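Data first, discussion second: the structure below is written as structure tokens.
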Amino acid sequence: MLKRLQFLTAGESHGKGLLGILEGMPAGLPVSATEINVQLHRRQQGYGRGKRMQIEDDRIEIYAGVRYGKTLGSPIGLVLKNRDWDTWKKRMAVEPVDDPTQPVTLPRPGHADLPGAIKFGTKDIRNVLERASARETAMRVALGAVARKLLQEIGISIASRVVRIGPVQDPTPLPQPLDPEAVNRQADQSPVRCLEPQTEQAMLEVIRSAKEDGDSVGGVFEMVAAGIPPGLGSGVTWDRKLSARIGEALHSINAIKGVEIGLGFASAERRGSAVHDEILWQEGTFTRLTNNAGGLEGGMTNGMPLLVRAVMKPIPTLVKPLRSVDLITHEPRLAHKE
């Protein structure tokens, strides 16, 4: 199944919309646009969002692969239209135009602008930034909502929360026994998806302060999955290790600069006896005294909850732009503000 499910997205940030195809989903899975839209709505929540989130009101259209509310076993096609397209029809026209708009020639530090322009040999950075935009992740959320339904059908549930924004870290441990849906409900009530109210206020202040300075901040989010059986992944083939596939998937998201599983980087600070999870036999099954491995050993799940964190850098578009160099004239100027 790890190799069977594949997805592909297409579309530009200010184009007509986004397209998505999910291949390998079994037949008979109940799927509705309403359920997908719930996840798209969750994506658009949160304090400090850009103006684009205020413009778009994402609503998915299931274009193919579903009949009478159930998957057919064929590729599933989704369409997500951009409301902002009306103001970008000329700048993002598919057909040639007589008077093209002014090209973007000032690359932003920290973005795909300059390496992409060099790679594709373009003198207009918009040809790069439109696809490298985080807008693409809206379709990933929609496709992921379908995959999420499959996991629910087999008893796997997933939760996520923010554990750090800038220098402020939430020390709240995940509640035990773990109830991912309860964690989601609590996190969704917070504008920064934080579990601890006092930490939430400190995080909000960090964002407010950066915004006042025309700057941005990054953070760390945590994901946990419960109900996963042992043995998913592989310990013998490099590209089938679940840890490798998780790392690849998360690093493919815009602005992700680090991924850790379980104790992660903190493992380097401890001795082995304080890192590795001792094995117990309780109620007819193997279990662990701790979960420092984050549910993964040797590239395979070990039956404990899967725990992963990822760090997201501050967004590269700044109200007070950093220094850059014009792509054509090579003159020093301030970076483009998108």
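The values are calculated or read from the model by the stated rules, or taken from the named source; none is laboratory data. What you see is a predicted model, and the numbers here were worked out from it, not measured in a lab. In this analysis, Cβ positions are derived from the backbone assuming ideal geometry, glycine residues included, and neighbour counts consider all displayed protein chains. Heavy atoms of the whole protein, side chains included, go into the accessibility calculation; ligands, DNA and RNA do not. Shrake-Rupley method; radii C 1.70, N 1.55, O 1.52, S 1.80 Å.
Given H placed 1.01 Å from N in the peptide plane, which residues other than close sequence neighbours of Y47 have an amide H under 5 Å from its amide H?
V192
Can you pull the percent of the chain's accessible area that's carbon plus sulfur, 1.4 Å probe, other chains left in place?
Using a 1.4 Å probe with all protein chains present, the chain comes out at 56 percent carbon and sulfur.
So what are the ³J(HN,Hα) numbers for segment 244-253, from phi and the Karplus equation (6.51, -1.76, 1.60; θ = phi - 60°), rounded to whole Hz, Gly and Pro as x?
5, 5, 5, x, 4, 4, 6, 5, 7, 7
Take the chain, compute every pairwise Cα distance, and split them into 20 Å bins from 0; I just need the percent in each bin.
All Cα pairs considered, the percentages come to 26, 57, 17, 1.
P(r) for segment 175-233: what percent of alpha-carbon pairs falls in each 10 Å bin, starting at zero?
Pairs per bin, as whole percents: 18, 39, 25, 14, 4.
Cross-link candidates for K337: which lysines have Cα within less than 18 Å, leaving aside residues fewer than 8 places away along the same chain?
K51, K123, K211, K313, K320
Calculated from DSSP H runs of 4 or more alone, at -39500 (n - 2.57) each and per residue, what is the 222 nm mean residue ellipticity of the chain, nearest 500?
-7000 deg cm²/dmol
What is segment 114-207's relative contact order, in percent, from Cα pairs under 8 angstrom and six or more apart in sequence?
22 percent
Quick one: accessible area per residue over segment 76-128, 1.4 Å probe, rounded to a whole number of Å²?
Heavy-atom accessible area per residue stands at 62 Å².
Say each of W85 and N37 gets a label point 7 Å from the Cα, pointing the same way as Cα to Cβ; how far apart are those two points in nm?
For the pair W85/N37, the computed spacing is 1.8 nm.
Tell me, what are the semi-axes, in whole angstrom and largest first, of the equivalent ellipsoid of segment 1-47 as set by the roots of 5 times the Cα gyration tensor eigenvalues?
Those come to 23, 17, 11 Å.
Straight-line reach from K70: which lysines have Cα under 25 Å away, leaving out those fewer than 8 places along the same chain?
Within the straight-line limit of under 25 Å, K70 reaches these lysines: K3, K81, K149.
Provide Rg over Rh for segment 116-233; use the alpha carbon set for both Rg and the Kirkwood Rh (inverse mean inverse pair distance).
Reported Rg/Rh, Kirkwood definition of Rh: 1.08.
Binning at 5 angstrom from zero up to the longest distance, how are the C-alpha pair distances of segment 227-276 distributed in percent?
4, 17, 17, 21, 23, 15, 2, 0
Percentage of Cα-Cα pair distances in segment 275-327 greater than 19 Å, rounded to whole percent?
I get 52 percent for the Cα pairs in segment 275-327 exceeding 19 Å.
What accessible area per residue comes out for segment 180-286, rounded to a whole number of Å², with a 1.4 Å probe?
In whole numbers, segment 180-286 has 61 Å² accessible per residue.
With a 10 Å radius around each residue's Cβ, average the other Cβ atoms per peptide and rank 167-174, 295-302, highest first.
295-302, 167-174
Sequence neighbours fewer than 8 away in the same chain don't count; with that in mind, list the aspartates and glutamates whose C-alpha is under 13 Å from K257.
E248
Would you mind checking which residues have amide H under 5 Å from S133's amide H? H placed 1.01 Å from N; only 5 or more apart, or other chain.
S13
Using a 1.4 angstrom probe on the protein heavy atoms only, could you order V97, V259, V319 from most to least accessible area?
V319, V97, V259
Give me the percent of Cα-Cα pairs in segment 213-302 that sit more than 19 Å apart, rounded to a whole number.
51 percent
Students sometimes get this wrong: rank T329, T9 by accessible area, probe 1.4 Å, all chains present, largest first.
T329, T9
Compare the peptides 214-220, 231-237 by average per-residue count of other Cβ atoms within 10 angstrom and give them in order, highest first.
Result, highest mean Cβ count within 10 Å first: 214-220, 231-237.
For segment 48-153, what is one quarter of the convex hull surface built on the Cα atoms, given in nm²?
Mean shadow area of the hull around the Cα atoms is 10.2 nm².
Over segment 192-304, what is the mean sequence separation of C-alpha contacts under 8 Å (at least six apart), divided by residue count, expressed as relative contact order in percent?
28 percent
Report, to one decimal in Å, the Kirkwood hydrodynamic radius for segment 156-208 based on all distinct Cα pairs.
Taking the inverse mean of 1/r over all distinct Cα pairs, segment 156-208 comes out at 11.3 Å.
Rounded to whole Å and sorted largest first, list the principal axis extents of the Cα atoms in segment 180-333.
Taking max minus min along each principal axis of the Cα atoms, segment 180-333 gives 67, 40, 30 Å.
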